[in-house]
Every structure is written in C-alpha cells, then in structure tokens.
Amino acid sequence: MASNFRMSAHQSKVNLYLDLMGEFDGFSALELINVLKEYSSKIKNIIINTSGLYLIHPLGLGVFQKECMDNNSLNGLQFIGKHGNIMEPQEGAPFWY
C-alpha cells in the first residue's frame, strides 16, 4: 500500500461512506476491494468519496475496476468527489496490467 493512502469509514443504517485519501496504487486498490467485499453483503448503499485522492496510479485503477467488473457483489457502488468519474468501473474500460 502506498504509505500515504488512508481510508476512513462511517456507517448509517443503510449507507457506508468511505473517504479515500492520498495516493491510490495497486495495494490501495486491494485494501479497498477487501473492505468492499466485507461490507457489500451487509450494507445496501456504499458511497465512495474520491476527493481526498491526489494521485491515482493506472495499475491501482486497473486492479480496482477489473475486480469490480468481475465481482457482481460490487455492482452498484456510488462514487462521488473529484475523481468519481475516473474510479467508477465501466464496461470496456482498459485494464492497465
């Protein structure tokens, strides 16, 4: 994980809010994926705020998007913030590895 990547979470009854901060690389992607897998069956809505990211490595983005596309339980994530449109998995998006 990038030494400056952090993720904070807060939860309401039906929502999980994740704030991503720092540098998003391959290890950061795996950390986020693990949290999402843990909560996706328990929480109806997962909202990911990307405004705190200042660098998104192509490898991290590729790992994250591929896992989201391959795992149906990770469909329906909501991305907000400055990099929300970049992070959101899209069919046909290029993978960087």
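Considering only residues that are free of Cβ contacts under 8 Å to residues at least 24 places away in the same chain and either under 12 Å from Y17 (Cα atoms) or in contact with a Cys (Cβ under 9 Å, 6 or more places away or on another chain) (or both), which ones fall in region 40-88?
Correct list: N75, E88.
I'm trying to understand the selection: among the residues of region 2-16, which are closer than 19 Å to I80 by Cα and more than 11 Å from the chain's Cα centre (by Cα)?
Within region 2-16, F5, R6, S8, A9, H10, Q11, S12, V14, N15, L16 qualify.
Listed here are the residues, each with its yes/no results for (1) out of contact with any Leu (no Cβ under 9 Å at 6 or more places or on another chain); (2) farther than 17 Å from A9 by Cβ; (3) in a helix (DSSP H, G or I); (4) among the acidic types (D, E).
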site: I33; (1), (2), (3), (4): no, no, yes, no
site: I43; (1), (2), (3), (4): no, no, no, no
site: N49; (1), (2), (3), (4): no, no, no, no
site: G52; (1), (2), (3), (4): no, no, no, no
site: L61; (1), (2), (3), (4): yes, yes, yes, no
site: E67; (1), (2), (3), (4): no, yes, yes, yes
site: K82; (1), (2), (3), (4): no, yes, no, no
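May I ask you to verify whether G22 is small (G, A, S), modelled with pLDDT of 85 or more and on the phi < 0 side of the Ramachandran plot?
no
Take the residues in region 38-57 that are over 16 Å from I86 (Cβ atoms) and more than 11 Å from the chain's Cα centre (by Cα), then tell me which one is surrounded by the fewest Cβ atoms within 10 Å (Cβ to Cβ).
Of everything passing the filter in region 38-57, S41 is surrounded by the fewest Cβ atoms within 10 Å (Cβ to Cβ).
Is there any pair with a first residue in region 16-39 that is within 13 Å of L77 (Cβ to Cβ) and a second that is among the hydroxyl-bearing types (S, T, Y) whose Cβ atoms are under 6 Å apart and which are 6 or more apart or on different chains, and what are they?
Going by the 6 Å Cβ cut-off, the qualifying pairs are L16/Y39; L20/T50.
The values are calculated or read from the model by the stated rules, or taken from the named source; none is laboratory data. Since the structure is predicted, the reported quantities are computational estimates derived from the model, not experimental observations. Neighbour counts are summed over all protein chains in view; Cβ atoms, including those assigned to glycine, are modelled from backbone coordinates with ideal geometry.
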